[in-house]
Structures are given as C-alpha cells and as structure tokens.
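Below is one structure, written out as structure tokens; the observations come after it.
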Amino acid sequence: MVLMSVIRYCVIIGFVMKELLKKLIRAEPTGDKGELTAAKVLAAYLSGCGVDCRIDKWQDCRANLIAHIKSNGQRDALLFGAHLDVVPAGGGEWKLPPFEGIEADGRIFGRGAADMKGALASLAAAIEEVVQSGAELKGDLILAATAGEETDSCGAKRFIEADAADLPKPAGVIVTEPTDFQVASCHRGMLWLEVSTIGKSAHGSMPHLGINAIELMNSLLSRLEDYQPTYSQHPLLGKCSVSINQIHGGKAVNIVPDRCSVKIDIRTLPDQNHPGIISDLETICAELKENDPRFEADIATIKSVPALQTDTEGEFASSFCQTIGASGTGKVDFATDGPFFAESGAPIVIFGPGKPGACHQPNEYIDIADLDKGRQLYKKIILKFLT
Ligand SMILES: [Zn+2]
C-alpha cells in the first residue's frame, strides 16, 4: 500500500514537473520578449506550493523571480542561481516548433529545454517535495531566477545589487546550468569588445579629402595580431584566447568610410582583469595616434563576464560533491552568472541536468529521465544543507 502511494506520488510529481517545463518553454523568454511571462509561470507554481515569491520587474517585460523559504536560521542559507532567459531559436533545422515544449521519445524538445528550463523544472519540483514533506528547514532556501544571462547578465547583477543584501548570506550558491550532472567550479571569463576607428567621409574620387577608417583599422589590426594579454596558464582552463570575429566598414564603393568596427571575443582566466585588458587596447590606440595624428578609435564593451574560480577545497564544495556522489569538481566551457553570484562572497558550484551539447542548438532537448534525476539530486542537496 505504501509502495503504491509512493509510485503514485512519483508519477504525479513527474507529470507536474514536465508540464511546468513545457509552460516555461512556451513562455519564450528570449532577450527581446523578456522573462516576465516565464517568471509568472514559475511564481504561480511555487506560490501554489506555499513558497513566498516576488517578481522584480523592469522595462515592461524584463523580470527576476526571487523565491524564498524562511527557516529557523540555525544554519546558513542555500542559494540557487538560475536564469529565466533563453537564446533565440536561431536558424538551423528544427524538426519540431522551438517554443511549444513537445514531448517525444522520452525527451522534451524546445528552446531552453536543456539551458536551463529543465533545471528550473527539476528544482521547482524538488522544492515542492521538500515543502510537502514538512521537513523543518534550519537554513533559508533562496532561488534567484534571473533575466538576461545570455546577453548582459542584467538580472544577476540586479539581484546582487538590489536584493542580496536583504537576504541571509548563503553557505554556497548552486548555479543550475546544464552540466549533465558533473560538478564544475570554474570557467573562463568572456570579454566582448567592439573597437571602431573613426575617419572622415569623402567622395570616393577624392579620397585625399577624407580619412579612411578602414585604413586606420588596418594599422590597428596589425598591432592586434601581436597582442596577447598577460596571464598564467590555468591547470583546468588552459590559456586566454583572443579572436577577432567580426568586421564591418564602409557604406558604398564610392564613399570613403568614416567608420570601421571589429568585434573581439576574449576569453579570460581568473588571474586577469577585464579593465586591464581594455587599458592595454587604449594604450595601443594611443601609440597609433602618436605615429599618426589622424588616428581616432573608440572601444565599447559589449559583454563582460569575469572568469570563475571558486573554492574547491572548502566545506561547501566537498560536502556538495559527497552528497551527490561526485569525486570532485571540474570546469565548464561556457560562461555563467556564477561570477556575479560570487560577489556575495559565497563559494559557487555549477550543477544541473541537461547535455551541454544540446544547448543553443536546433532541436534542443532534455531527457525526461534527467529531469527526474535532477529533481531527486536537488532535493538531496536541499535536505543535506538545510535540515
Ligand atoms: Zn545557461
């Protein structure tokens, strides 16, 4: 009889979790459309379980959701950091519509299924189970489901600046990115810059009356070819890389271009700082101007996420690994909101269901078995740290 009711309960929670995931995919929370609908879907689910939820809304459609279960305060809190937004469907061959959350072949398909609506559904179901179990929490459980991780991390920055101070300091933060259940404690940072040279337009038949921004860019590119930021190689993360991946200049074949821009993707290591790299580029531009007074350039930051290197020897990471049966922590190849959550001073682990290879791809999916495993492991983690 007890076994039957346990089986029945697992079937119900599994069904509810899948439905939540489908609704989150249907919310289509791309950077353009905003996260408000997804935040409301998640808030409705968690409020329905009796969890205190607050939606922080800005610019009409951007939103963070902060869910908080208070405790008797005998232990430190646990913070889950998740992102609500997804990348757009993009081109490529989708066999199923990207924003319908369709279940087929033991998987749920849709943009964000792996990155990271799946983890949100697993975690919400785990929270529901903990609440329903009546377990007395000794530390607060906080979920920060944030906006804009895929673009400018606006939600995580806003949460740390505006909300974190009023919440209890966590013993650790779990960033629920899809790691296929591997535990990661570090990743390279991401510094995306747009460097533009500024010239003066003129008729193409009288180039001496203008200043050709493409020619200015040419001299800058020759300098950048030899530029390598200072760093020491990291045992897990390897080297810093610099790659110029986009160039744009000129309006027509008969107009001297007044502007030429390149976009540079720099992946950084924990011992580097992004302002230092920007300052190196400013120095290069200043030297070019010394040689050629016509040289003008400006540097704009498109995105800056520092590298993450968290404490792997401490109590939190080792206890986390022990709880889920992992032998240790590794790295992830993508950047996360982890460095912003790390500003709280708490150690960070990155851990979640979903195959990293499925993310940002057409036909993104999550295995339903992984959703269920995620639910069980998140529940285990909550009970380990908070009861
Ligand atoms: Zn993600």
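Here are the numbers for the structure shown:
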quantity: Residue in segment 354-370 that is farthest from ALA121 (Cα to Cα), counting only those that are within 12 Å of the ligand (Cβ to nearest atom) and in contact with a Gly (Cβ under 8 Å, 6 or more places away or on another chain); calculated: HIS360
quantity: Test: residue in segment 303-323 that is out of contact with any helix residue (DSSP H, G or I) (no Cβ under 7 Å at 6 or more places or on another chain), modelled with pLDDT under 95 and within 24 Å of THR151 (Cα to Cα); calculated: yes
quantity: Residue in segment 252-293 that is nearest to GLU215 (Cα to Cα), counting only those that are under 26 Å from the mean Cα position of the chain (by Cα) and acidic (Asp, Glu); calculated: ASP265
quantity: Selection from segment 140-184 of residues that are away from the ligand (no atom under 16 Å from the Cβ), among the small types (Gly, Ala, Ser) and touching a helix residue (DSSP H, G or I) at 6+ places or on another chain (Cβ under 6 Å); calculated: ALA164, ALA171, GLY172
quantity: Only one of HIS208, HIS274 that is touching a residue at least 60 places away in the same chain (Cβ under 8 Å) and open to solvent by 10 Å² or more (accessible area, probe 1.4 Å); calculated: HIS274
quantity: Selected residue [modelled with pLDDT under 95, hydrophobic (A, V, I, L, M, F, W, C) and touching a helix residue (DSSP H, G or I) at 6+ places or on another chain (Cβ under 9 Å)] from ILE25, ILE66, ILE13; calculated: ILE13
quantity: Checking GLY101 against (1) open to solvent by 20 Å² or more (accessible area, probe 1.4 Å); (2) away from the ligand (no atom under 16 Å from the Cβ), the condition it does not meet; calculated: (1)
quantity: Residues of segment 51-77 satisfying the condition of being touching a residue at least 24 places away in the same chain (Cβ under 8 Å), open to solvent by 70 Å² or more (accessible area, probe 1.4 Å) and over 17 Å from PHE385 (Cβ atoms); calculated: GLN59, ASP60
quantity: Pair list, Cβ < 7 Å and 6+ apart or interchain, from segment 326-343 residues that are closer than 18 Å to GLU315 by Cα to residues that are open to solvent by 40 Å² or more (accessible area, probe 1.4 Å) and at pLDDT 95 or above; calculated: GLY330/GLN182
quantity: Residue count, segment 371-383 (criterion: touching a Gly at 6+ places or on another chain (Cβ under 7 Å) and either farther than 24 Å from GLY90 by Cβ or of a type in the set (Val, Ile, Thr) (or both)); calculated: 2
quantity: Neighbours by Cβ (under 7 Å, 6+ apart or cross-chain): first from segment 115-140, over 15 Å from LEU377 (Cβ atoms); second among the small types (Gly, Ala, Ser) and within 16 Å of the ligand (Cβ to nearest atom); calculated: ASP115/GLY354
quantity: Single condition ILE127 does not satisfy, out of (1) open to solvent by less than 10 Å² (accessible area, probe 1.4 Å); (2) part of a loop (DSSP other than H, G, I, E, B); (3) β-branched (Val, Ile, Thr); calculated: (2)
quantity: Residue that is least open to solvent (accessible area, probe 1.4 Å) [pool: residues in segment 168-205 that are within 26 Å of SER243 (Cβ to Cβ) and acidic (Asp, Glu)]; calculated: GLU177
quantity: Index of the failed condition, ASP85 passing every other in (1) open to solvent by 10 Å² or more (accessible area, probe 1.4 Å); (2) closer than 19 Å to GLY354 by Cα; (3) out of contact with any strand residue (DSSP E or B) (no Cβ under 6 Å at 6 or more places or on another chain); calculated: (1)
quantity: Checking LEU137 against (1) within 15 Å of the ligand (Cβ to nearest atom); (2) open to solvent by 10 Å² or more (accessible area, probe 1.4 Å); (3) part of a loop (DSSP other than H, G, I, E, B), the condition it does not meet; calculated: (1)
quantity: ALA286 in a strand (DSSP E or B), of a type in the set (A, V, I, L, M), loosely packed, with under 14 Cβ neighbours inside 10 Å and at pLDDT 95 or above; calculated: no
quantity: Selection from segment 211-231 of residues that are open to solvent by 70 Å² or more (accessible area, probe 1.4 Å) and out of contact with any strand residue (DSSP E or B) (no Cβ under 6 Å at 6 or more places or on another chain); calculated: GLU215, ASN218, ARG223, GLU225, ASP226, GLN228, THR230
quantity: Hits in segment 336-361 - residues which are at pLDDT below 95 and within 30 Å of GLU103 (Cα to Cα); calculated: PRO356, GLY357, ALA358, CYS359, HIS360, GLN361
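The values are calculated or read from the model by the stated rules, or taken from the named source; none is laboratory data. What you see is a predicted model, and the numbers here were worked out from it, not measured in a lab. Methodologically, a virtual Cβ is constructed for each residue, glycine included, from the backbone with ideal geometry; neighbour enumeration extends over all protein chains shown. For the accessible areas, the whole protein counts, side chains as well, though only heavy atoms, and no ligand, DNA or RNA atoms are used. Shrake-Rupley method; radii C 1.70, N 1.55, O 1.52, S 1.80 Å.
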